[in-house]
1. Projected onto the charge dipole of the chain (+1 at Lys/Arg Cβ, -1 at Asp/Glu Cβ, origin at the Cα centre), which of 20, 41, 90 gives the Cα projection farthest towards the positive end?
2. Would you kindly state how much longer the chain becomes between residue 102 and residue 260 on full extension, computed as 0.36 nm times their sequence separation minus their alpha carbon distance, in nm to one decimal?
3. Of 161, 247, 229, which has the largest mean-square fluctuation in a 10 Å C-alpha GNM of the chain?
4. With +1 on each Lys and Arg Cβ and -1 on each Asp and Glu Cβ, and nothing else charged, work out how big the dipole of the range 153-262 is about its Cα centre, in Debye to the nearest 20.
5. Using helices alone, what [θ] at 222 nm do you get for the chain, with -39,500 (n - 2.57) per DSSP H run of 4 or more residues, divided over all residues and rounded to the nearest 500?
6. Any idea what the relative contact order of the chain is, in percent, if you count C-alpha pairs under 8 Å spaced at least 6 apart?
7. Relative to the longest principal Cα axis of the chain, at what angle does helix 173-188 sit, 0 to 90 degrees, rounded to 10?
8. Using a 1.4 Å probe, what is the accessible area per residue for the chain, in Å²?
Amino acid sequence: MSMSAYKTNLNRNWFTIVSLVSKDFKLKYRRSVLGIAWSVLNPLLMMLVLAAVFSNILKFGDEIQNFPMYLILGNVLFSLMSDSTSSAMWSILESAPLIKKIRVSKMIFPIEKILFQLVNFTISLIAVVMVMLFFQIPPTWNLLALPLLLIFMTLFCAGLGMLLAALAVFFRDVCHLWGVVITAWTYATPLFYPIGMLPEWMQAAEAFNPMYHYVTYFRDIAMYQTLPGFSEQVVCFSMAAVTFVIGLIVFKATEKKFILYV
């Protein structure tokens with residue numbers, strides 16, 4: 001393929017992705033009274049509910065300063081992963097009529113779902129800023145590392161999303177099992193409890209949990225006003241890159257057979 005043909009194909013795919021993101025955005029908030037405000041209200045309401053439960057019943061708020069901030073940072077980032085991978089998993093199956101009618105790069109469908117959820121995450125950051133203002137947590141230069149974290153998250157979610165999308169075409173049970181995995185992953189990640197409450201072997205196991213690293217990264221730069229060290233940057237990038245490569249390889253190796261199973 002010549003350079004001009006490659007560039008044309010790339011531009012066409014990007015235009016398709018942007019169009020699909022715009023369509024999903026309109027569908028998400030269609031006939032909603034509050035519309036886009038839900039992307040801000042939802043994390044705030046979840047934070048209030050969880051803060052009430054875990055502060056008053058389980059007393060985690062006594063161990064963690066600015067506990068609501070701790071909660072919302074973990075929840076919005078974990079929701080980015082769970083929502084994007086879940087929607088990417090269904091992307092090929094839901095786009096079956098389009099895939100059967102026209103010749104289009106199948107990779108754009110899971111990638112579009114990831115980018116759409118990234119847009120929603122960006123809007124939800126307004127809620128994070130509101131909580132920071134309420135608790136008088138001043139922004140620091142460490143927040144400039146947020147785009148780097150989002151690159152890690154995008155690569156990780158894209159790889160996982162492509163892997164799930166490919167598997168879901170051939171094994172529909174994956175769609176049902178993923179909800180169980182997400183639930184288990186939620187409780188296995190210190191989103192609403194301090195990691196210190198876990199036994200030592202479980203704390204050691206968190207080193208292999210990508211979302212623990214990404215959530216901790218987010219809390220470090222936004223709440224604790226510190227920048228993760230070089231080794232942590234390498235760990236976050238490595239987990240994202242390996243996941244992306246695995247997802248890409250599986251997706252590209254199986255995409256030609258999608259039309260036979262969707």
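The values are calculated or read from the model by the stated rules, or taken from the named source; none is laboratory data. For clarity, every value in this text was computed on a predicted model and none was experimentally measured. Virtual Cβ from ideal backbone geometry, glycine too; neighbours counted across all protein chains shown. We work out accessible area using only protein heavy atoms, side chains counted, and drop any ligands, DNA or RNA first. Shrake-Rupley method; radii C 1.70, N 1.55, O 1.52, S 1.80 Å.
1. 20
2. Numbers: separation 158, 0.36 × 158 = 56.88 nm, distance 1.47 nm.
Fully extending the segment from residue 102 to residue 260 adds 55.4 nm.
3. The residue that fluctuates most here is 229.
4. Values: 5 positive and 6 negative charges, 97 e Å.
I would put it at about 460 debye.
5. Numbers: 11 runs with 196 residues, N = 262.
One gets -25500 deg cm²/dmol as the mean residue ellipticity at 222 nm.
6. Relative contact order of the chain: 26 percent.
7. The angle comes out near 20 degrees.
8. Working: 14210 Å² over 262 residues.
Result: 54 Å² per residue.
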